[in-house]
Amino acid sequence: QRYGQQSKSGARRAGFVGIALGIVTAIIYLSVVAIAREQVVSIFLRPETAMDVEIFNLAVTFLLVVVFLQVFNEIETTALAALRGIKDTRVPLFVGIFNYWFVGVGSACLLAFHFNLAGIGLLIGYYLSLIMSSIFMPIRFYIQSGKLAFAGVEEQESMADEMVNEMAAIETAVVEEA
């Protein structure tokens, strides 16, 4: 909305407020999930055998990892939305492709299979790509929103004066014809 109003500072402020609100909301929600992770997992799993207990404990561990991951996901998602708001989509697309396919998949496979970290290695690999994106996207927004260029106030006022003069000329022509 602020971009459409050609307000550089407004667009910048709206983007950063959106990012901050997303982070705060995510931290509040995810804190509850992190504190009650065993209760969350118990909705889906009921440990009755030794194998069930092992799976339950693994799920609790994964949930804690995923909760932490979601904070970075929120930073990236809200920064991407802010970038879309200022019509910057091409570079974030290529950064996303590089981060997720090369950094994420590459490091996940390396950690999971070469270093035998299994599922945790896959999550860490995904983490690396997400953390890189969550660092890059807000920086990109900061840089790009600082470069926004709209018509200056004087130029806007002169355009408005020209429109008023044109409307007056049209009105005069219509009155003269009548």
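Compactness ratio of the chain: Cα Rg over 2.2 N^0.38 Å, N = residue count? Write down the numbers at each step before the final one.
Details: Rg = 25.8 Å, N = 178, 2.2 N^0.38 = 15.8 Å.
My calculation over the Cα atoms of the chain gives 1.64.
Shape call for the stretch 58-129 from the C-alpha gyration tensor, a ≥ b ≥ c root eigenvalues: rounded (a/c under 1.5), prolate (a/b greater than b/c) or oblate? Intermediate values should be presented prior to the final figure.
Values: a/c = 5.51, a/b = 1.65, b/c = 3.35.
The shape class here is oblate.
Between Y142 and L93, how many nm apart are label points set 7 Å from Cα along the C-beta direction?
Distance between label points: 2.6 nm.
With contacts defined as alpha carbon pairs under 8 Å and 6 or more residues apart, what's the relative contact order of the stretch 1-89 in percent? Let's see the in-between values first.
On the way: 55 pairs, mean separation 36.1, N = 89.
So the answer I get is 41 percent.
Which FRET efficiency, nearest 0.05, do V24 and F44 yield, Cβ-Cβ r, R0 30 Å? Could you put the intermediate results ahead of the total?
Details: r = 28 Å, r/R0 = 0.94.
The pair V24/F44 has a calculated efficiency of 0.60.
To the nearest 10 square angstrom, what accessible area does M132 show with a 1.4 Å probe?
80
Exposed loop sites here are trypsin sites (Lys or Arg not before Pro) in DSSP loop states with at most 16 other C-beta atoms within 10 Å. What is the longest stretch of the chain lacking them?
Numbers: sites that count: K87, K147.
In short, 1-86.
So how exposed is Y126, as accessible area in Å² (1.4 Å probe, rounded to 10)?
We get 90 Å² for Y126.
So which GluC sites (Glu not before Pro) in the stretch 45-79 pass both tests, a DSSP loop state and at most 14 other Cβ atoms within 10 Å of the Cβ?
Values: sites: E48, E54, E74, E76; in loops: E48.
Passing sites in the stretch 45-79 are E48.
Could you work out the relative contact order of the chain, using alpha carbon pairs under 8 angstrom and six or more residues apart, expressed as a whole percent? Before the final figure, lay out each step's value.
Working: 145 pairs, mean separation 44.2, N = 178.
With pairs under 8 Å counted, the relative contact order is 25 percent.
If F136, F113, F72 are ordered by their accessible area, calculated over protein heavy atoms with a 1.4 Å probe, which sequence runs from highest to lowest? Intermediate values should be presented prior to the final figure.
On the way: F136 70, F113 140, F72 45 Å².
Ranking F136, F113, F72 by accessible area, largest first, yields F113, F136, F72.
Using a 1.4 Å probe over the heavy atoms of the protein chains, calculate the carbon and sulfur portion of the accessible area of the chain as a whole percent.
After summing per-atom areas, the C and S share lands at 67 percent.
Please compute the per residue accessible area over the chain with all protein chains in place, 1.4 Å probe, rounded to a whole number of Å².
That works out to 67 Å² for each residue.
Run the quick spin-label model on I120 and M51: label points 7 Å from Cα toward the beta carbon, then report their separation in nm to one decimal.
A separation of 2.3 nm, rounded to one decimal place.
The values are calculated or read from the model by the stated rules, or taken from the named source; none is laboratory data. Note that the structure is a prediction, hence the values are computed from the model and not measured. Quick reminder, even Gly has a Cβ in these numbers, built from the backbone with ideal geometry, and neighbours come from all protein chains shown. Remember, those area values only see protein heavy atoms, side chains included, never the ligands or the DNA or RNA. Shrake-Rupley method; radii C 1.70, N 1.55, O 1.52, S 1.80 Å.
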